[in-house]
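Structure first, then comments.
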Amino acid sequence: MPQAFELQAKKLPKQARSKATFDALIEACTLVLQSHGYAGTTTNHIADTAGVGIASLYEYFPGKDAIVAKVIERMNERVLTNLAKRAFNLRELPKEELMQAWLEQIYRCLLEEQPLLRVISYEVPYSEQVLNSHEMPQRLLQFSELLEYGAMEVLPQKQSKESMYLIVNLVVSSLTQLVVNPPPGLDAQAVIEELSKKMNQWVFGP
């Protein structure tokens, strides 16, 4: 029987002081995960790093997994926020350059999270559950967001749901692996360029 993990906080803070404690615990968990790994992360480590008592931790969280889930959620939001900001700078690019530029920005945003992303990808047993619940892969490739910043349309309107599913998973999986486990002997930029060529062929045709 699969192990059940408690991934929800007990309560969310309302006052500024309690919010500071809540945020400090999440930031501390981020640091501990990167230095000790998932298995080596404990609630005592998190509380000590945050500079708060263990009772304060358990006031908001049932255990470490609920804090780890919040760490993953906040990493998602950092990536998506940074990507949205960078998307604005792509609005004037011609269509033939836009795909590669967009893939490069996704790669760079993921690369900024490399140490944490590596732990989450390889060690946290419920990482996909948290990622899927917050639609990170889908949102990463919401090319329609480019339109909000004045960029031209990237994906034709006639893309099927099945095609979009394959596109999303191909790109996100490829770029995540390129970040967390760079293939020896291959240049990351060359891989992105090749991925861009394949994506352009798939989306726009020969």
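A few points about this structure:
- Cα-Cα separations in region 1-121 greater than 25 Å, expressed as whole percent: 37
- Solvent-accessible area, 1.4 Å probe, carbon plus sulfur percent, for region 7-117: 50
- Segment A16..D48, full-extension length gain: 9.4 nm, with 0.36 nm per residue of separation and the alpha-carbon distance subtracted.
- Loop-located trypsin sites (Lys or Arg not before Pro) in region 1-98, at most 13 other Cβ atoms within 10 Å (DSSP): K10, K11, K14
- Of the cross-linked pairs K64/K85; K95/K198; K19/K85; K85/K198; K85/K197, those separated by over 20 Å at the C-alpha level are K64/K85; K19/K85; K85/K198; K85/K197.
- For region 46-110, the list of GluC sites (Glu not before Pro) that fall in a loop by DSSP and count at most 14 other C-beta atoms within 10 angstrom reads E92.
- Proximal charge balance of Y126 [Cβ under 14 Å; K/R count +1, D/E count -1]: -3
The values are calculated or read from the model by the stated rules, or taken from the named source; none is laboratory data. All figures in this text were calculated on a predicted structure; none of them were measured in a lab. Don't worry about glycine lacking a Cβ; one is built from the backbone with ideal geometry, like all the others, and counts go over all protein chains shown. Keep in mind that these areas ignore ligands, DNA and RNA; they rest on the heavy atoms of the full protein, side chains included. Shrake-Rupley method; radii C 1.70, N 1.55, O 1.52, S 1.80 Å.
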